[in-house]
Structures are given as C-alpha cells and as structure tokens.
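Beneath this line is the structure, given in structure tokens, with notes to follow.
The values are calculated or read from the model by the stated rules, or taken from the named source; none is laboratory data. Since we're looking at a predicted model, the values are computed, not measured. Here Cβ is always computed from backbone atoms with ideal geometry, including for glycine, and neighbour counts include all displayed protein chains.
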Amino acid sequence: MAMQDDSRLLDNLRYVCGPVITTALEAPDVVEIILNPDANLWIERYGREPKNEGVIEREQAKSIMYLVASGLGIEVNALNPVIEGIFPLDGTSRFEGVFPPLSTAPAFALRKRATRRMSLQEYCDNKAIRPEGVSIIEDAIAHHKNLIVVGGTSSGKTTFVNACIEAISRLTPNDRLLILEDTPELQSSSPNSISLQTSLIANIDMRRLAQISMRMAPRRILVGEVRDFAALEMLKVWSTGHPGGISTFHADSAADAMQRLESLVEEAGLGPKRDLIGRAVDVVVFMSKTPQHTRVVDSIIKINGFNPDNHIYEKETVYAYSA
C-alpha cells in the first residue's frame, strides 16, 4: 500500500471509530475496548470494572472492521470471518474481530499494549507482591532459571513478564535477549536484544521462529504467549544451552500449569514429554485478578524435576499471596 493510501486508511479508520474509541485508545489507564454483537461498547480501565460507554451500530462496526482488515491485508467474508492482528491506528494494540456466522453481528476486542513498564519494586509498592516474592523472582532471574508465568485472561501475565525483563536488564545487563512473539507485546530495555514476530505471509510460525533464534547468538530466549505445540520447541531450546527463558500461557493455577504444558506439547503429536518439561521449567508464577480488579502474583512454585518412579513433578510452593 502506498504511503498516501496508508494515510487515507488511517484517517478513515480514525473517523469511523469515533471519539469514544479514539479517546479510550489514547488514555493510558485503558486496558481493553470491547464491542459486543448487541452493539454495546465496553471499556475496561486498569483496576476498575469494565463499563458500558456507548453504542456502535452494526454498519459503523462493519466499517471499522473492514478498514482494520484492509490495513492488515486480510480479506474477510463468510468463509474467513476472523480478523486478528495489530490495530493499524496505534500500531501496538492487539485486535481480534469476528463476523457472522461466528457471531450474530460484528464484534471485536481491542487489547491495548501497556504504555509504561512496571518494575518488580513497583509491584511490591502496589502490594501486588511481597518483598520475599520479589527476592524469589530476582534470584531465579540472576541464576538463569526458566520462568513460566500463567493465569487467566487479563490477569496481568504480559505486564509481569515486562517487569521481569526489566529485572533481567538490571541484574544481567550483558545478556543478549531474543524475544519471540505472535504480536509485539513484550518490551525490552536491555541494550542487547532483538524482537522477532511470526508471519502468516512468510509462513513463519512460533515453532520455526524458535528454531531460527537458536542461530542468532541468544543468551536468553523469551517467548510471548504459547498457545500450541510450539511449546515443545521452546522447551527444547531452554534445555539445550539457553537457560533463563520466560514464557506465558493460560492456566487456572500454578499447580495446573504443568498439565497444561503437557497438553500443549502433545499437540505436536508426541507424548507429554514430562521428563523434558521437568528439566526445562524451574519456576511457575501464577497471576490472578482480585475482586477489586487489581492484578497480583497469587503464588510461585519451584519445579525440581519429574520423578519417573511415582510419575509426578517435584513441586514446592515457595510463595502465596495474602491481601
């Protein structure tokens, strides 16, 4: 697309989004902008419940989504009713949209990228983690342990990983970081780091990206959200001379994380690879959202390998949240 066409598309998208969406997009405290099929627009701000802040009629919603699809180079129709990618208007937020027949009307969720990075100390100052929890995380980072950060949707996994990356740049400033993601959400202040993204156009998925990263002189390999069998490739690179990695995925608790990881690995068509998981994963951090909508470090578990005799992971809970 020519630069002039690019500019015209962004102007049109800004216009059809309207003041409510564009203002929310610019507000630093807004976390998510959601349009439901019933035309109600919900906006979630950090630490607060989502609030209904207006209506986006069907035709306006379609215009927004067609412009997003055009900006992403995606063709949408009844056979391809999904739009996912980076929101063209700000170039950082994650957009997920659906059309009928998947929904009764156009709907989307716009997840904003964090505008500022919190440090582990700020988590402590905000009472989202106690000092002993910070010490556990920093000790794991300093000793190049592999961390898995898990939790539910919008539990603060990515924001916490960004805090861990800040700790990496402070505690081991000479480490070269390779950051692998589907969409750019992780932020590095390390002087020696590179971020790589998967590409549908180039047919490069997360598994292939992990293989490429091995040849780019990494000290640590950090993986954004793991959703499928690419977890196996991640575990392999972590356990073959590149310790000190961090990744995230969805799990209901720290204790459930290992079984969830087994399920992801099995999607590769192999067994659960429990011995590999036990060797590659050192620490599991579980994030949760409180009834007050604040994100906290709920628990931290250390993994001491997989015991083949009794077929269990040797786990030790070393931290638990208390309000």
message: Among the listed residues Ile43, Ile64, identify the single one that is modelled with pLDDT of 95 or more, under 20 Å from the mean Cα position of the chain (by Cα) and under 20 Å from Glu84 (Cα atoms).
response: Ile43
- request: Filter the range 86-111 down to the residues that are among the small types (Gly, Ala, Ser) and in a loop (DSSP other than H, G, I, E, B), then identify the one that is farthest from Thr183 (Cα to Cα).
  value: Ala105
- line: Within the range 125-149, of all residues that are in contact with a Leu (Cβ under 9 Å, 6 or more places away or on another chain) and β-branched (Val, Ile, Thr), the one surrounded by the most Cβ atoms within 10 Å (Cβ to Cβ) is Ile148
message: Please pick out the residue among Ser190, Ser213 that is more than 17 Å from the chain's Cα centre (by Cα), closer than 13 Å to Leu178 by Cα, at pLDDT 90 or above and buried (at least 18 other Cβ atoms within 10 Å of the Cβ).
response: Ser213
message: Name the residue that is surrounded by the fewest Cβ atoms within 10 Å (Cβ to Cβ), counting only residues in the range 216-243 that are more than 23 Å from Ala142 (Cβ to Cβ) and over 20 Å from the mean Cα position of the chain (by Cα).
response: Met216
message: When you scan the range 118-139, do you find a residue that is touching a strand residue (DSSP E or B) at 6+ places or on another chain (Cβ under 7 Å) and of a type in the set (Gly, Ala, Ser), even just one?
response: yes
